[in-house]
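Below is one structure; the comments refer to it alone.
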Amino acid sequence: MLKRILFIIGSLLILIFILFSLFPSAFAPYELKEMDEPWLKCSKTHLLGTNKLGYDILTEIIYGTRETLTIGVTASILALALGIIFGGISCENNLFGRLSTALINIMAMVPRLITLIVLSTFFYSSQSVMILLIAIFSFAPIAKVIGARVRMLNHESFIESLNIQGFSKMHILLFHIIPNLKDVIATRFLLGINSSIMLEASLSFLGFGDIYHPTWGTMVNLAYKNGAFLRRSFNYLLSPGLAIMLLSLSFYLILLALEDNFDVIKEKI
C-alpha cells in the first residue's frame with residue numbers, strides 16, 4: 001500500500017513537471033519577460049516574488065522546467081546507451097573487450113564534478129555540450145553493471161543451450177539477453193536522471209550553465225550574483241532549489257515503489 005502511494009505521488013509530480021515543460025504559457029501567471037517592480041516579496045500577485053529585473057520568479061521556474069528536464073532525461077538516455085554499448089563490448093574475450101574494460105575502469109575512477117568543472121572552462125557553455133559532458137562522465141557505472149549482468153547471463157543454462165543449438169550472437173543478444181536487462185536499464189535510467197539533474201545544477205550554480213537556456217541551477221546562480229542573499233530575498237534563492245529537490249524526489253519515489261520488481265543498484269550521486 002505504501003509503495004503504491006509513493007508511486008502515485010511520484011507519477012503525479014512527474015506529470016506536473018512534464019506539463020510545465022510542454023505548456024509553460026498555460027501555467028505561468030505572467031509572460032516570461034513581463035516586468036514589475038524588482039525584489040518584490042511573496043504576495044497574491046507574485047506568489048514567489050520578483051527578481052532583480054522585476055520578472056516573476058514562479059514564471060521563470062515554470063519556463064525553466066523544460067531546460068532542466070531536457071538535460072536530465074537526454075543525458076541519462078545517452079549515458080545509458082553508452083553504458084550498454086561499452087558494457088556489452090567489455091564481455092567479449094578479445095582486444096576490443098579488453099580496451100573497453102580498461103576505458104570503463106579509467107572513467108569510473110575519474111572524479112566527475114571536478115573534471116566537468118575543468119572541462120567546462122574550455123568549452124562553450126551550451127545545453128548540448130552540457131548533456132554530452134555529463135553523459136560521457138556518467139556511463140562507466142552503468143557499463144560496469146551491464147557488463148556484470150551480461151557475464152552472468154552468458155553462464156546461464158538457457159544461453160548455453162541457445163549457443164549449442166546454433167543461434168547467432170545477435171539473436172541471443174536481442175531476444176534473450178536484452179530482455180533480461182530491463183530491470184537494470186530502468187533502474188539506471190531513473191538514477192541517471194537524478195544524477196544528471198544534480199550535476200547540471202551544480203555546474204550551472206558555479207556559472208557554467210547556458211544563460212540563453214536558463215535552468216533552475218542557473219536561476220540559483222543569478223540569484224546569488226544579483227545579491228539576493230544580501231537583500232534577504234530567500235524566496236528567490238530557495239525556490240529553484242526546492243524545484244530541483246521535488247523533481248529529483250519524484251523519480252526517486254518511482255524507484256522506491258518499483259524496488260520489489262527491480263534489482264536496484266545504489267549509486268552515490
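Dimensions of region 1-150 based on its C-alpha atoms, expressed as ranges along the principal axes with the largest first, amount to 66, 49, 22 Å.
The residues of the chain expose on average 55 square angstrom of accessible surface per residue, using a 1.4 Å probe on protein heavy atoms. Return the carbon/sulfur percentage of the accessible area of the chain, one whole number, probe 1.4 Å, all protein chains in place. Reported share for carbon and sulfur atoms: 69 percent. Backbone phi angles across region 56-68, fed through the Karplus curve with coefficients 6.51, -1.76 and 1.60 (θ = phi - 60°), yield HN-Hα couplings of 5, 5, 4, 4, 5, 5, 5, 6, x, 4, 4, 5, 5 Hz in residue order; Gly and Pro are listed as x. Taking 37 °C and 0.692 mPa s as conditions, region 134-269 diffuses translationally at an estimated 185 µm²/s according to Stokes-Einstein applied to its Kirkwood radius (Cα pairs). Once you have all Cα-Cα distances for the chain, histogram them in 5 Å bins from zero and send the whole-percent values. Histogram of Cα-Cα distances, whole percents per bin: 1, 6, 11, 14, 15, 14, 12, 9, 7, 5, 3, 2, 1, 1, 0, 0. Remark: region 124-165 projects, on average over all directions, an area of 4.1 nm² (convex hull of Cα atoms). Could you tell me how many degrees, from 0 to 90 and to the nearest 10, lie between the Cα long axis of helix 127-136 and the main elongation axis, the longest principal axis, of the Cα atoms of the chain? Roughly 40 degrees between the two axes.
The orientation-averaged projected area of the convex hull spanned by the Cα atoms of region 140-186 comes to 3.2 nm². The calculated P(r) of region 89-146, using every Cα pair and 10 Å bins from 0, goes 22, 43, 26, 8 in percent.
Counting only Cα atoms, the size of region 27-110 along its three principal axes is 66, 24, 17 Å, in decreasing order. For region 74-196, what log10 I(q)/I(0) values come out of the Debye formula at q = 0.09, 0.11, 0.12, 0.14 1/Å, with one point per alpha carbon and no solvent? Per q value, in the given order, log10 I(q)/I(0) is -0.29, -0.42, -0.49, -0.64.
If you take the Cα centroid of region 1-31 and the Cα centroid of region 136-183, the two points sit 35 Å apart.
The values are calculated or read from the model by the stated rules, or taken from the named source; none is laboratory data. As the structure is a prediction and not an experimental result, all values here were calculated from the model. For accessibility, only protein heavy atoms count, side chains too; no ligands or nucleic acids. Shrake-Rupley method; radii C 1.70, N 1.55, O 1.52, S 1.80 Å.
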